[in-house]
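The values are calculated or read from the model by the stated rules, or taken from the named source; none is laboratory data. Just so it is clear, the structure is predicted and the values come from calculations on it, not from any experiment. When we count neighbours, we look across all protein chains shown, and the Cβ atoms used for this are built from the backbone with ideal geometry, even at glycine.
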């Protein structure tokens, strides 16, 4: 389920530089191609207004039952050369037909600028007969001496109730002051195929109160409808207040369509009780509209344009105004692909200025894909 959120300039730049470059979209799609020896590399150079340039190097290697994805972010040092800043390595092992083990390692820099291990996440997934599944994961952080300390453990159990209903129960545990781990959060999700083209879900999050009793903290209700190449989704979020009373705090509505020529369009509208520059009145207000259009030319070139509209904090009653413009272009070639992403933002004077430019080169055309809408479909 897609949820558009209000982004600060800092968050947007972080996403543009580290998370949203087009090459990342293919880490999942490439791993599903079935090519046992598939591999690719992609390099993205990011420049922004008053931001130190960065370079992101990604690689995907698949051989036999082992897949390795790496992402390294470099920043320009005082000598003008790029140096290591942070990195992620994700190793996936297909143990057998029903068991998958995933180990994710996060790296950073120590006080001397040396690459050091910061965190390890281990996950094991089991597919069971009848469509059931369970997942066990743990997260450990490195302490000052480099030793890993367990900070989180999570278990998920998915059961197929019948052909149209599936339930997943998740328990999250954190270290207890008295030693060991104690449950800190429970998540109950129920997914139902209401009709051939409609899927409904409800996700309930519970947390313990001071007496150790589990109380509902949040409920998410979502509906997804698929009609040919058109899709719509709606998600409502309700949260408990200080007295435990549930109230709706946000709603997101998205619509996706594809024309006969293959052009795509996606719109996401987000409503919230919190409006920048306004005193909350307990009602939902439209706080963001993101509209994205995309097309693929006869030569395979992909292009997308997105505009984000948000309220003016200085005059929230005047409606939405365009605040962010993003354009993506991907050009395939005989030796791979090249991509460019340009992000512009409205300044205090109402003019748009470029705040980020990303250029990506890859040796595999499938490593760069522009995604204009959520990929999930009703199951």
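One table, with the values for the structure above:
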item	result
Wholly within the range 29-84, strands (runs of 3 or more DSSP E) carrying at least 3 residues that are modelled with pLDDT under 95	39-48, 51-63
Pairs, first free of Cβ contacts under 8 Å to residues at least 12 places away in the same chain in the range 104-130, second surrounded by fewer than 16 Cβ atoms within 10 Å (Cβ to Cβ) and in a strand (DSSP E or B), C-beta under 8 Å, six or more apart	110/116
Close pairs (8 angstrom Cβ cut-off, 6 or more residues apart or separate chains): at positive phi in the range 58-74, at pLDDT below 95 and surrounded by fewer than 19 Cβ atoms within 10 Å (Cβ to Cβ) anywhere	64/36
Filter result (assigned to a loop (DSSP other than H, G, I, E, B) and under 26 Å from the mean Cα position of the chain (by Cα)) within the range 110-141	132
Selection count where residues are surrounded by fewer than 16 Cβ atoms within 10 Å (Cβ to Cβ), without any contact (Cβ under 8 Å) to a residue 24 or more places away in the chain and part of a strand (DSSP E or B), scope the range 172-187	2
Residue 336 being surrounded by 15 or more Cβ atoms within 10 Å (Cβ to Cβ) and on the phi > 0 side of the Ramachandran plot	yes
Selected residue [assigned to a loop (DSSP other than H, G, I, E, B), touching a strand residue (DSSP E or B) at 6+ places or on another chain (Cβ under 9 Å), in contact (Cβ under 8 Å) with a residue 60 or more places away in the chain and on the phi > 0 side of the Ramachandran plot] from 262, 300	300
Search result, residues across the range 273-284 that are in contact with a strand residue (DSSP E or B) (Cβ under 6 Å, 6 or more places away or on another chain) and free of Cβ contacts under 8 Å to residues at least 40 places away in the same chain	273, 284
Residue among 367, 290, 339 that is at pLDDT below 90, under 28 Å from residue 231 (Cα atoms) and in contact with a strand residue (DSSP E or B) (Cβ under 6 Å, 6 or more places away or on another chain)	367
Test result for residue 236, assigned to a strand (DSSP E or B), over 22 Å from residue 270 (Cβ atoms) and modelled with pLDDT of 95 or more	no
Residue check for residue 205: without any contact (Cβ under 8 Å) to a residue 24 or more places away in the chain and in a strand (DSSP E or B)	yes
The range 318-341, subset without any contact (Cβ under 8 Å) to a residue 24 or more places away in the chain and not in a strand (DSSP E or B), residue farthest from residue 364 (Cα to Cα)	318
